[in-house]
Each structure stands twice: as C-alpha cells, then as structure tokens.
Amino acid sequence: MRPGFTDPVQDGQSCFRAVLEALSRPGRIQTVASGLTPPAALAPATAAVLLTLVDAETPLHHDAGEEADAWLRFHCGCPMAAAGDAAFVLSMGQPPAFASLCHGTDEEPERGATLIIQVKALEEGRGWRLRGPGIEHEHRLHVEGLPEGFLADRASRRGLFPRGVDVVLCAEDRLAALPRTTLAEEG
C-alpha cells in the first residue's frame, strides 16, 4: 500500500487552505505541495484533495480503478456510493451528467455534491471567461482534458441555485475550482 500524507495534520491543513482559496477565488490555480506518491491513476493534487476532504462519513463515487479504490478505502475509510448518492464524485475521464448528481435541497443546499475532475492541464490567462462571486471583473482559465459539452451541461443546472454541484479541477500538483455560483463561458 502506498503511503498517504507524510505529515497528515500539516499536509491536510495546507491542502484544505488551497481548496478553500480555490473555491473563494474561482479559476485561480493553487499548487498543492503534498509529496504524495499515490496510485498511478491519481495525480498528486487529486489524491491530496481526496485525503483532505473525504472521510468515513462522506460517500465517494469514482472511476479511478481498483488500485486507487483500495488506496482510498484504506486512507480515507470512505464508503463507496453510486454517483447520485455520493458527497464527492471523482471523475478521471467522462464525468457523470450534472443532472445525475446530488444538488442538495432548498433547505440544505450544502448537501450538493462536489465533483472532482482530474484533467490534463490547467492554465490561467486564456480559455473560459469566469464571472461571479470572488472575481472582481473576469478571470480566464484554460482547462485541457474535459469532454465536449461540459460547460453546457453545467450551465443547464444553473436555475436550481442555491442548490448545485461545486467542481474542483486537478492536474498534476495544481487545482482550481468552479463553485456553483460561478458563471463559466467559452473564451
């Protein structure tokens, strides 16, 4: 079994701060210096986010394969669930349709799922135009490795607010977030 965080408290806190910063400043890339050597399918940022956010009380759905499944069960102790029942959904390829994920309720919108997607690359300064809370005017984010129609699928659920799905994008040791409040359009 590959090890998890070298220093679980410090590494977990550092990654948690990076995720919070990414969610509060949509499209701004954060670097996670975790020193992790996760299973081959998982990028270090993806593994760090999962080790930080997923635990025995947060159901997870993923398509990362058997080695990653064993690693996640061992280090996070998380129950596995269908995509529609999971608090966290990890996608390594084609993410599930947004309509199939938990969006929370009007009374408890915080119960909406967090979709973690491992992508090939993240780059600021070009690509999608992002607007909304946490962005002064507009921010640009280029994401390589998402399927065609991702933004349209995400936008189709916008009318459900305050319910919704938050997205964390991970590539190598970098991450960026698209909270449900962020409007993202093709560049």
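All of the numbers you see were taken from the coordinates with simple rules; none came from a lab. The shown structure was predicted, so the numbers you read here are calculated from the model rather than taken from an experiment. No Cβ is skipped: glycine too gets one built from the backbone with ideal geometry, and neighbour counts run over all protein chains shown.
Between helix 8-24 and the chain there is an angle of about 10 degrees, using the helix long axis and the longest principal axis of the Cα atoms.
Extension gain, Ala121 to Met1: 0.36 nm times the residue separation minus the Cα-Cα distance gives 40.5 nm. For the chain, a Gaussian network of Cα nodes joined below 10 Å ranks Leu42, Leu122, Leu160 by mean-square fluctuation, and the top entry is Leu160. Here the contact order of the chain, divided by its residue count and restricted to Cα pairs under 8 Å and six or more residues apart, works out to 25 percent. Overall shape: prolate for the stretch 94-187, with the ratio a/c of the largest to smallest alpha carbon gyration tensor axis at 1.5 or above and a/b above b/c. Structural descriptor for the stretch 5-54: relative contact order 42 percent, calculated from alpha carbon pairs under 8 angstrom and at least 6 residues apart. Bridge orientation summary for the chain: considering DSSP beta bridges with both residues in this region, about 60 percent are antiparallel. Taking each DSSP H run with n ≥ 4 as -39500 (n - 2.57) and averaging over every residue of the chain yields -7000 deg cm²/dmol at 222 nm.
For the stretch 1-141, rounded, prolate or oblate, judged on the Cα gyration tensor with a ≥ b ≥ c (square roots of eigenvalues), a/c < 1.5 rounded, else prolate if a/b > b/c?
oblate
Taking the number of other C-beta atoms within 10 Å as the exposure measure, put Met92, Met80 in order starting with the fewest.
Lowest to highest Cβ neighbour count: Met80, Met92.
Extension gain, Ser156-Ala56: 0.36 nm per intervening residue step, less the Cα-Cα distance, totals 32.8 nm. Placing a pseudo-label 7 Å from each Cα along the Cα-to-Cβ vector at Thr31 and Arg17 gives an inter-label distance of 1.5 nm. Fewest-first ordering of Trp128, Trp71 by other beta carbons within 10 Å of each residue's beta carbon gives Trp128, Trp71. Listed from fewest to most Cβ neighbours within 10 Å, the set Phe88, Phe150 follows the order Phe150, Phe88.
Placing unit charges on the Cβ atoms of the charged side chains and taking the dipole of the chain about its Cα centre, the candidate lying farthest along the positive direction among Gln13, Gly149, Thr37 is Gly149.
Treat every Asp and Glu Cβ in the chain as -1 and every Lys and Arg Cβ as +1, leave all other atoms uncharged, and give the resulting dipole magnitude about the Cα centre to the nearest 20 debye.
400 debye
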